[in-house]
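One structure below.
The values are calculated or read from the model by the stated rules, or taken from the named source; none is laboratory data. For clarity, every value in this text was computed on a predicted model and none was experimentally measured. Here the Cβ positions follow ideal geometry from the backbone for every residue, glycine too, while neighbour counts run over all protein chains shown.
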Amino acid sequence: MIQAQGLTKTYGDLVAIQDVTFEVQAGEILGFLGPNGAGKTTTMRIITGYMPPSAGSVRIAGHDVFTDSIEARRNIGYLPETVPLYPEMSVAGYLDFVGRLRHIPDRRERLAEVMERLHLEDRADTQIGKLSKGFRQRVGLAQAILHKPGVLVLDEPTIGLDPRQIIEVRDLIRELGGEHTIILSTHILPEVSQVCNRVLIINEGQIVAEDTPERLKERLKGGERIYLQVGGQHDGLVEALSDIAGVTEIEPKGDGAYEIVCALGTDRRADLARAVVTRGWPLLELRPVGMSLEEIFLKLTTE
């Protein structure tokens, strides 16, 4: 549904993004991550036709965003970080206005359907400026999906929401993923793990990683990590564990706890447990340690 090829954007000598290339398949939810100034918003503005690239191309549902702009835009729903709302209009009036701009057939029926889906029926006559942040975000999502686009581009859709509102918006995005191809830009890393099928990380204007969160963890963790905690006196523990084949690193964590790195593809938990128990040390805890998305993000975006 989305094909970005060699996207580059320069402002004089400043290179905002360089040779950004990726694809998003129909029905997929892609998490688009990067630190501030990495090029996320620039890329999303190019994809939605808001600004042209200095080089490269984007195709939406087979339509070039710049040579076949009208057809491409018919297939795009865009929710920018600052939601494009008119505070003096009512919810229903604003969405009807958007429907007329989009030339939506049977827009009254579609308007009612979208408002019901986003639980806006009770706010139909409410002035947008009087809505809470959460409801304004719902109205922004409503205008993005009103014309049934194949592609949704969502820039920080949960920013500024309270925990309950965040959960509701995440659930809605998951539901929409079955009907739309979605690019989700966010700084909330757990959100990506909970919502997205695949992750794209951009740093300093270039893509530094693209894969599922699970496969990224496998590629970057460097070894199998195991958390071990032993009670009481355990002099000589480090030496005993170091003698186990495949153990490459032992990092003390305090209070009898250690993080042990073993060679990739090995499971040394039984050997570790045996080394502790046979020496009479109390074994309090033994478990594998996964790599968090935060650790992946920091590893890929910091020098």
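Scanning segment 152-177 for residues that are surrounded by 14 or more Cβ atoms within 10 Å (Cβ to Cβ) and either without any contact (Cβ under 8 Å) to a residue 60 or more places away in the chain or part of a loop (DSSP other than H, G, I, E, B) (or both) yields Glu156, Pro157, Thr158, Ile159, Leu161, Gln165, Ile166, Glu168, Val169, Arg170, Leu172, Leu176. All of Gly56, Gly37 fail the test of being farther than 20 Å from Leu176 by Cβ and either in contact with a Lys or Arg (Cβ under 6 Å, 6 or more places away or on another chain) or touching a residue at least 40 places away in the same chain (Cβ under 8 Å) (or both), apart from Gly56. Counting only residues that are of a type outside the set (D, E, K, R) and exposed (fewer than 13 other Cβ atoms within 10 Å of the Cβ), which one in segment 90-115 is farthest from Gln143 (Cα to Cα)? Only one residue fits best here, namely Pro105. Segment 193-290 holds no helices (runs of 4 or more DSSP H) entirely within its bounds that carry 2 or more residues that are within 23 Å of the chain's Cα centre (by Cα) and more than 30 Å from Arg170 (Cβ to Cβ).
Kindly indicate which of Glu210, Glu204, Glu224 is in contact with a Ser or Thr (Cβ under 8 Å, 6 or more places away or on another chain) and in contact (Cβ under 8 Å) with a residue 60 or more places away in the chain. Glu224 is the lone residue from the list that is in contact with a Ser or Thr (Cβ under 8 Å, 6 or more places away or on another chain) and in contact (Cβ under 8 Å) with a residue 60 or more places away in the chain.
Of the numbered criteria (1) within 29 Å of Pro163 (Cβ to Cβ); (2) of a type in the set (Asp, Glu); (3) more than 26 Å from the chain's Cα centre (by Cα), the one Glu88 fails is (1). For segment 116-151, the set of residues classified as assigned to a helix (DSSP H, G or I), of a type in the set (A, V, I, L, M) and closer than 26 Å to Glu71 by Cα consists of Val139, Leu141, Ala142, Ala144, Ile145, listed by residue number.
Per the conditions (1) surrounded by fewer than 18 Cβ atoms within 10 Å (Cβ to Cβ); (2) part of a helix (DSSP H, G or I), the sole criterion not satisfied by Pro87 is (2). Applying the condition of being under 14 Å from Leu95 (Cα atoms) and basic (Lys, Arg) to segment 116-133 and asking which residue is surrounded by the fewest Cβ atoms within 10 Å (Cβ to Cβ) yields Arg117. Among the candidates Gly140, Gly134, the residue that is touching an Asp or Glu at 6+ places or on another chain (Cβ under 8 Å) and not polar (S, T, N, Q) is uniquely Gly134.
Hey, does segment 69-84 have a residue that's over 30 Å from Pro213 (Cβ atoms), basic (Lys, Arg) and assigned to a loop (DSSP other than H, G, I, E, B)?
If we filter segment 69-84 for residues that are over 30 Å from Pro213 (Cβ atoms), which is where we start, we get 69-71, 73-74, 84.
Checking which are basic (Lys, Arg) leaves us with 73-74.
Filter again for assigned to a loop (DSSP other than H, G, I, E, B), leaving none.
No, every residue in segment 69-84 fails to be over 30 Å from Pro213 (Cβ atoms), basic (Lys, Arg) and assigned to a loop (DSSP other than H, G, I, E, B).
Within segment 56-67, identify whether any single residue is part of a loop (DSSP other than H, G, I, E, B), assigned by TED's automatic domain parsing to the domain that holds His187 and within 26 Å of Leu95 (Cα to Cα), and answer yes or no. Taking every residue of segment 56-67 in turn, at least one turns out to be part of a loop (DSSP other than H, G, I, E, B), assigned by TED's automatic domain parsing to the domain that holds His187 and within 26 Å of Leu95 (Cα to Cα). Among the residues making up segment 98-113, those that are charged (D, E, K, R) and assigned to a helix (DSSP H, G or I) are Arg100, Arg107, Arg108, Glu109, Arg110, Glu113.
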